[in-house]
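To start, the structure itself, in structure tokens.
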Amino acid sequence: MAAVAELQGKYQKLAQEYSKLRAQNQVLKKGVVDEQANSASLKEQVKMKDQSLRKLQQEMDSLTFRNQQLAKRVELLQDELALSETRGKKNKKSAESSSQLSQEQKSVFNEDLQKKIEENERLHILFFEADEQHKRLEAELRTRLEVLETDAAQHQAVVDSLTRKYTDTIEKLQTDKAKLEIKSQTLEREAKDCRLRTEECQQQLKNLQSALGSRLEESLCIINEKVPFNDTRSNRYNALNVPLHNRRYQLKLRDLAGQALAFVQELVTALLNFHTYTEQKVQIFPIDSATDTISPLNQKFSQYLHENASYVRPLEEGMLHLFESITEDTVTVLETAVKLKAFSENLASYLCFLRKILPYQLKSLEEECESSLCTAALRARNMELHRDMKRLTAVFEKLHTYISLLALPSTKPEGLLRTNYNFVFTNIATSLHGFHDILKDLSKHYSQKATLEQDVPTATQKLITTNDCILSSVVALTNGVGKIASFFSNNLDHFTTSLSYGPKAGTEFISPLSAECMLQYKKKAVAYMKSLKKPCADSVPYEEALANRRVLLSSTESREGLAQQVQQSLEKIAKLEQEKEHWMLEAQLAKIKLEKENQKLKNSLSGHLTETIQERSVLPNVAEQKKETTEKSPREPIKSTSLAPDVESREDLIKNHYMARIAELTSHLQLADSKSVHFHAECRALAKRLSLAEKSKESLTEELKLASQNISRLQDELMTTKRSYEDQLSMMSDHLCSMNETLTKQREEIDTLKMTSKGNSKKNKNR
């Protein structure tokens, strides 16, 4: 139906255009007929003028022939006059008598000649005027003829184009008519297909409603559980969201900032050269400071110009800091460009410097005009420079205002609305172009001034070189500003479109604080993404981790059990250390007793030889036993050489038996202690597991309650959704009825279109 309506509208528009073009064609035909009549009349006029021109040319030829005859006659008369003079010398006497006759003849001839000359001049003037008038008329007629021919050609072209247009429109209308008939047939087929599709759509609608209902419940549950609040609805919270990182945008912006830095560096060098060479010029002209003292005004002016570096250099430093702040990882918009404020402050300080030196510069030019060396032309150039300097300071003021406006969003966002950013950027571009035009005028006027100063009689080579240096610095300044203006205007679209770079579905950064917070969040996100990119360490499988957890919960090696075991082992170690010291002391006492016994034996057996031999044999054995006793542990029995070996061996056996029994008992005691600690740890682990089981039982009961509540809630929702679906089905049935009505209307409209198309075709045939 919509396609039929569009075709009807197109058909009506084409009919209206056809009627308009027919009316225009009639008007153009009348105009072409009138122009043809005018061209015919003009051709007749041209023929008449050609005939008059031919007559005038014939008269001119006759006049020239008459003039030639008169010239020949004058020559003959002059020859006769010369002959008469020669004859008169020979016969003076006869000449005196005939002199009166010759004078009368001469006077007659002179009068006749004078008349002929005057008539010839008059004829020449008339001929010249007629020739000029004829040429003028011929040129006018030719131009008018060319104009008329071009108009006729244009009218003929318009008529041809209109005839072509009419034929094209007729062909289009015929094709549109055929298409409409085909479309009417296709629409009838589509109407039948639509009925079948509506039945299929009803079934699909029921299936989709059931599927969408289940998915809606799942999505609502997920939203309620996972999304506590939607921070994109509030601009205040959305400003804290980190936008998608556009690396291409950041690289392009850094490239543009690098180009701007290079241009600003060129501008800074040109400004430094201009101010320094201006200082040299003030000290040279009109009074040279080397030969005479300059005026106090120029002294103060040169003193201020000497301080130019402290005001110009910060511009380059501010732009450098701004370039360094734009990196690949940051989000660069006006709200985050904090370094732009420093650049605008540096520009403000330079503007204050220009305002400070402007009155001195203007007064210096006026003082130069008042000097005796200044000519009128040089005074005019100085006044032009006077105006240019004022315009230059005004342009810097305008640029400073716009750049300070751009720096406001990073400090005071309410100072500049986001809708005005595009206006500020376009004004900066126009100001830069104006700045370039002013510098062009300044360089032109200064070059003229330099050429005039070279002609001054007191001009020195130092003045000429200084003027050349100033002119070169002004040319460099003009070229640099021209580059900046073209660069800014070429990238204006990028600057304006980049303002939409920010949080998703957000219109702006609310404040510089929110922008700073967003950058901090971005750094954290980058660190998190880098940590995700690191390869993960080999983790324990899930089933093994669960088994280890169970072992950890039920293991005897719990923390408290191990602490108790460590404490008990430390106490045992302390006891063993005490016993070791005790046995060491006993061993030392036994050694002392052994030495005393050996001395007694030596004294008692000193008289007998055999006893001495035995004593000698026994002494090395005693030394060896001493060494063995020092090397052995204190728990081993001490061996000694005495006179009663049986008693000593029995004592040693008893002692060894008791020592072994003590060691066995201590080992049994240690086993009992370890088993008691083990059982205690197991009891504690079982108690913990019991408490955990009770907690899990409580949590399961709570979950069971929640599940029963959810089941009841879902049953209620199911009832409500059933009712809503029944309402929607009733609405769909109403909608289908309305669609059937619209289909019947479309059929009626198609029939009417067929009737109208047939009537139009009959009319076209009659035409």
Query - In the range 413-472, the residues that are polar (S, T, N, Q) and assigned to a loop (DSSP other than H, G, I, E, B) - result: 458, 460
Report summary line: Filter the range 127-155 for residues that are in contact with a helix residue (DSSP H, G or I) (Cβ under 9 Å, 6 or more places away or on another chain) and among the aliphatic types (A, V, I, L, M); the one that is nearest to residue 32 (Cα to Cα) is 152
Report summary line: Subset of the range 655-665, residues surrounded by 11 or more Cβ atoms within 10 Å (Cβ to Cβ) and either in contact with a strand residue (DSSP E or B) (Cβ under 7 Å, 6 or more places away or on another chain) or at pLDDT below 80 (or both), comes to 655
Query raised in the report: Can you name the residue in the range 395-412 that is part of a helix (DSSP H, G or I) and open to solvent by 50 Å² or more (accessible area, probe 1.4 Å) and, of all such residues, is modelled with the lowest pLDDT?
Result: 405
Query raised in the report: Could you say whether any residue in the range 480-500 is modelled with pLDDT under 85, within 33 Å of the chain's Cα centre (by Cα), open to solvent by 10 Å² or more (accessible area, probe 1.4 Å) and of a type in the set (Gly, Ala, Ser)?
Result: yes
Requested in this report: Inspect all residues belonging to the range 683-694 and state whether any of them is open to solvent by less than 70 Å² (accessible area, probe 1.4 Å) and in contact with a helix residue (DSSP H, G or I) (Cβ under 8 Å, 6 or more places away or on another chain).
Outcome: yes
Requested in this report: Please state which one of 368, 324 is of a type in the set (Asp, Glu) and surrounded by fewer than 18 Cβ atoms within 10 Å (Cβ to Cβ).
Outcome: 324
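Listed residues 377, 342; which is more than 30 Å from residue 520 (Cβ to Cβ) and either assigned to a loop (DSSP other than H, G, I, E, B) or open to solvent by 20 Å² or more (accessible area, probe 1.4 Å) (or both)? Full working, then the answer.
Details: 342 fails: more than 30 Å from residue 520 (Cβ to Cβ).
Result: 377 is the single residue among 377, 342 that is more than 30 Å from residue 520 (Cβ to Cβ) and either assigned to a loop (DSSP other than H, G, I, E, B) or open to solvent by 20 Å² or more (accessible area, probe 1.4 Å) (or both).
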**Report entry** Selection status of residue 270, part of a helix (DSSP H, G or I), over 22 Å from residue 468 (Cα atoms), touching a residue at least 12 places away in the same chain (Cβ under 8 Å) and hydrophobic (A, V, I, L, M, F, W, C)
**Finding:** no
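What residue, of 196, 187, is modelled with pLDDT of 80 or more, surrounded by 15 or more Cβ atoms within 10 Å (Cβ to Cβ) and out of contact with any Phe, Trp or Tyr (no Cβ under 8 Å at 6 or more places or on another chain)?
On the way: 196 fails: surrounded by 15 or more Cβ atoms within 10 Å (Cβ to Cβ).
After applying the criteria, what remains is 187.
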Query raised in the report: Looking at the range 36-54, which of its residues are surrounded by 11 or more Cβ atoms within 10 Å (Cβ to Cβ) and under 30 Å from residue 126 (Cα atoms)?
Result: 42, 43, 45, 46, 49, 50, 52, 53
Query raised in the report: residue 262 passes all but one of (1) open to solvent by less than 70 Å² (accessible area, probe 1.4 Å); (2) at pLDDT below 90; which number fails?
Result: (2)
**Report entry** Long-range neighbours under 6 Å by Cβ, at least six apart or interchain, first residue within 16 Å of residue 149 (Cβ to Cβ) and modelled with pLDDT of 80 or more within the range 38-54, second in a helix (DSSP H, G or I) and aromatic (Phe, Trp, Tyr)
**Finding:** none
Query - Residue that is farther than 20 Å from residue 221 by Cα and either in contact (Cβ under 8 Å) with a residue 12 or more places away in the chain or outside any helix (DSSP H, G or I) (or both), where the choices are 714, 671, 692 - result: 692
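Which one of these is assigned to a helix (DSSP H, G or I) and at pLDDT below 80: 119, 85, 129?
Only one candidate qualifies: 85.
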Query raised in the report: Could you say which residue among 281, 339 is over 23 Å from residue 252 (Cβ atoms) and among the basic types (Lys, Arg)?
Result: 281
Query raised in the report: Within the range 161-184, how many residues are of a type outside the set (S, T, N, Q) and open to solvent by 60 Å² or more (accessible area, probe 1.4 Å)?
Result: 10
Query raised in the report: residue 343: more than 26 Å from residue 407 (Cα to Cα) and of a type in the set (Phe, Trp, Tyr), yes or no?
Result: no
Query raised in the report: Is the range 592-611 home to any residue that is within 29 Å of residue 687 (Cα to Cα), open to solvent by less than 100 Å² (accessible area, probe 1.4 Å) and at pLDDT 75 or above?
Result: no
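The values are calculated or read from the model by the stated rules, or taken from the named source; none is laboratory data. Since this is a predicted model, take the numbers as computed values, not measurements. Here the Cβ is made from the backbone with ideal geometry for all residues, glycine too, and neighbour counts use every protein chain on show. Just so you know, the surface numbers come from the protein's heavy atoms only, side chains and all, with ligands and any DNA or RNA stripped out. Shrake-Rupley method; radii C 1.70, N 1.55, O 1.52, S 1.80 Å.
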